[in-house]
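Reading through the structure tokens given below for one structure.
The values are calculated or read from the model by the stated rules, or taken from the named source; none is laboratory data. Computed from a predicted model, the values in this text were never measured in an experiment. Every residue, glycine among them, receives a Cβ derived from its backbone with ideal geometry; neighbour counts consider all protein chains shown.
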There are 2 protein chains.
Amino acid sequence: MKFGGTSVADLERIRRVGRLVAAEVATGKQVAVVVSAMSGKTNELVAWTDGAGAAAQGLPPSDDEYDVVVASGEQVTAGLLAMTLRNMGLNARSWMGWQVPIITDDAHGRARIDDIPPENLARAMDAGEIAVIAGFQGVDRQGRIATLGRGGSDTSAVAVAAAVGGACDIYTDVDGVYTTDPRIESKARKLARISYEEMLEMASLGAKVLQTRSVELAMSQHVPLRVLSSFVEPGEAPGQGTIVCDEEEIVEKRIVSGVAYSRDEAKVSLFGLPDTPGVSSKIFGRLADANVNVDMIVQSHARSEGAANMEFTVGKRDAARTVEILRAAQSEIGFEDAQLNEDVAKVSVIGVGMRSHAGVAKTMFTALAEKGVNIQVISTSEIKISVLIDAAYTELAVRALHAAYELDKV
Amino acid sequence: MKFGGTSVADLERIRRVGRLVAAEVATGKQVAVVVSAMSGKTNELVAWTDGAGAAAQGLPPSDDEYDVVVASGEQVTAGLLAMTLRNMGLNARSWMGWQVPIITDDAHGRARIDDIPPENLARAMDAGEIAVIAGFQGVDRQGRIATLGRGGSDTSAVAVAAAVGGACDIYTDVDGVYTTDPRIESKARKLARISYEEMLEMASLGAKVLQTRSVELAMSQHVPLRVLSSFVEPGEAPGQGTIVCDEEEIVEKRIVSGVAYSRDEAKVSLFGLPDTPGVSSKIFGRLADANVNVDMIVQSHARSEGAANMEFTVGKRDAARTVEILRAAQSEIGFEDAQLNEDVAKVSVIGVGMRSHAGVAKTMFTALAEKGVNIQVISTSEIKISVLIDAAYTELAVRALHAAYELDKV
């Protein structure tokens, strides 16, 4: 059972989590619980590290010490939940990353889990103890605290489930995975099941219900995954939520399962590039060296002979840096002008049914054209089509696509 | 160097601590820094544990989980200070109790340090790294986080100094140890030196500048100890503070070094006790079994034959429980009535010179009598005399004694 920040935001909510854990234990299952920091706490801690790092005019924070500070939030929640469970008469104890141990690499601030030896947890759980595990944190091979990056508690939970051979229920502030964001489209429906691949695309493309890496890990380790709500009243059951599973386990397949959107990207345009081999590798090689992830890419030829334009998207927080890096190499790359547009949104339709159905793209482009939405960049994979549009049209586009694929119909 | 909660209360103060550490490093010394939680943080964390424990109608908090929660405060400060030092161009890293390791017993919430193997710290410091150590916390032999009780960071600092063979400077919000509380007597003077024994009595008797156990440890381990102010402006030196040392190192001895007071005690009175052997052991045996510490005791005979009264003091937070325990055993002990008076203060004069000077008590009683202060209970040791008085007279008594022993004169 994994509970995120809003589910453990205060003592009353932690008691509610306690009741959900008690109900699960009452079914005879062995239970491990992974918790995030209380909502808002991580932001407070990060702000302090910013302040401590900002002392020397913009030096980056020392990441291993950043981890020491930020990991304390999950420590607090784990202790409080263990106390709460004990006071409900249950047998529980907290586990920090270094106690389990959850062994990570030393990429502080965005570490990856290398290994979770299951012996300690298994012994405690076999003895009837509920294991309350601090999410988001682990310990590197030098014995220093490491954190997994924002949303890392989902990954902690899936990794623990994989280590001890269990299923993973992600409790959150929504009661499952929806066909799209219900705040934008009130006709959005909760999905009973979704495949790992679709969930992975949904998460990558902007649906914030699960962290991408946690879905990858669940898929590769075959961990049964479920998303359900922690916001239930005493005595009320949390409902069935959404099961994330193998494609084969989904009987009724739809062509499109969901519509996702993201406003976290910015578009970089390079004009007047030499139309010669190697220019792309110069551009994207430099960005890769600087750890900038590039997402959608389109290359077009200008009217004048021998010149090309290139457009691509990067994460908004990398946008300004990307332009700086390229301008510093302007003469070597040979472009005439670089522009940045942060006022864009990526809207995507996702569905494993696309593999076997033609016409999905046509439906998308037609629906958007009917609403006068101009498509700036397109990218596709086997199971999704993404378009980059003017950010002002985001909600309009999401609703148009939700209707076009009849996602409001059962 | 040890910095308490008010010295690291926010990022600006942590930077000030950073400058003090840098100045110390610049003198060529190897430096370990022990830090408390940011002022107010421990109270916030304790309140949460109260809430989590209070869920089940007054069960005591599960102490090992209490420690998990509360220890997080020092973790945050240690990380932030290490970051701050690095951003000043210094080589620093944080150490949690379990990383050093600071090995404690398993008396959670009030653990005692068993051992600090010095190898890890010594290796890091020999390599030129400033060790920033989370105070107040350690790890028990089961690998669980343990805390040392309120004010435990002083003890952490002395224990680390003893382990690595160093001296211990306690930086606080005052610039040394005073003859009495300057908030009560403006003529209080800072002492250049005070003996361990006197400091121990001062701390036990209410002077809050150092935790009692830290002084005991410094005395038994011969750790040179100094109290000085962290509240200095950039470029300003912290001054000489007060050196706590062996009696032999103090050239100019005074009969009385200081006047301490405490309002943390309550007086329990038992009337109409049988005047038979064994009654005291019944009373104090029961209280010892319940972990109630008894301080001052006086027994008196009532006018009626064969009946006695007994008065003693206990800590205020144990007061109500003490009376309950005694009333439950009323018939067995055989007293007629029990009364509780929380409106009392203990005022003490302390000085190693008492060993060789008569008349110290007489001066005390005369000074108090002249101001009309009634003495309820008296207790003495080789180097101190304490009296219990009506709390309303506390300041008056402190000032009268400060003048009577001429502590305002150099």
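A single member of A:I243, A:I297 is in a strand (DSSP E or B), of a type outside the set (D, E, K, R) and under 30 Å from A:G18 (Cα atoms), and it is A:I243.
Go through B:E119, B:E129 for me and flag whichever is at negative phi, over 28 Å from the mean Cα position of the chain (by Cα) and more than 13 Å from every other protein chain (Cβ to nearest Cβ). Break it down stepwise before answering.
Details: B:E129 fails: more than 13 Å from every other protein chain (Cβ to nearest Cβ).
None of the other options fit; the residue is B:E119.
Identification of strands (runs of 3 or more DSSP E) wholly contained in the stretch B:309-395 with 2 or more residues that are crowded, with 19+ Cβ neighbours inside 10 Å yields B:344-350, B:384-390. The set of residues from the stretch B:271-296 being touching a residue at least 60 places away in the same chain (Cβ under 8 Å) and under 14 Å from B:T313 (Cα atoms) comprises B:D295, B:M296.
If I go through the stretch B:396-410 residue by residue, how many of them are exposed (fewer than 14 other Cβ atoms within 10 Å of the Cβ) and within 23 Å of the chain's Cα centre (by Cα)? Count: 0.
Yes/no per residue for (1) touching a strand residue (DSSP E or B) at 6+ places or on another chain (Cβ under 7 Å); (2) under 22 Å from A:G97 (Cα atoms); (3) touching a residue at least 40 places away in the same chain (Cβ under 8 Å):
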residue	(1), (2), (3)
B:G135	yes, yes, yes
B:G138	yes, yes, yes
B:Q142	no, yes, no
B:I145	yes, yes, yes
B:G151	no, no, yes
B:S156	yes, no, yes
B:D169	yes, no, yes
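Set side by side, the residues A:A78, A:A52, A:A111, A:A32 differ, and just one is over 20 Å from A:V160 (Cβ atoms), among the small types (G, A, S) and assigned by TED's automatic domain parsing to the domain that holds A:V8, which is A:A52.
Restrict the check to the stretch A:174-189 and report whether at least one residue is within 23 Å of A:R16 (Cα to Cα) and small (G, A, S). So that I can check it myself, show each step before the final result.
Going through the stretch A:174-189, the residues within 23 Å of A:R16 (Cα to Cα) turn out to be A:174-177.
Filter once more, keeping what is small (G, A, S): A:176.
Yes, there is a match, as at least one residue in the stretch A:174-189 is within 23 Å of A:R16 (Cα to Cα) and small (G, A, S).
Among the residues in the stretch A:263-279, are any touching a Ser or Thr at 6+ places or on another chain (Cβ under 7 Å), acidic (D, E), in a strand (DSSP E or B) and at pLDDT 90 or above? Within the stretch A:263-279, one or more residues are touching a Ser or Thr at 6+ places or on another chain (Cβ under 7 Å), acidic (D, E), in a strand (DSSP E or B) and at pLDDT 90 or above.
I'm trying to understand the selection: among the residues of the stretch A:110-120, which are surrounded by fewer than 18 Cβ atoms within 10 Å (Cβ to Cβ) and in contact with a Ser or Thr (Cβ under 7 Å, 6 or more places away or on another chain)? Across the stretch A:110-120, the qualifying residues are A:R112, A:D114.
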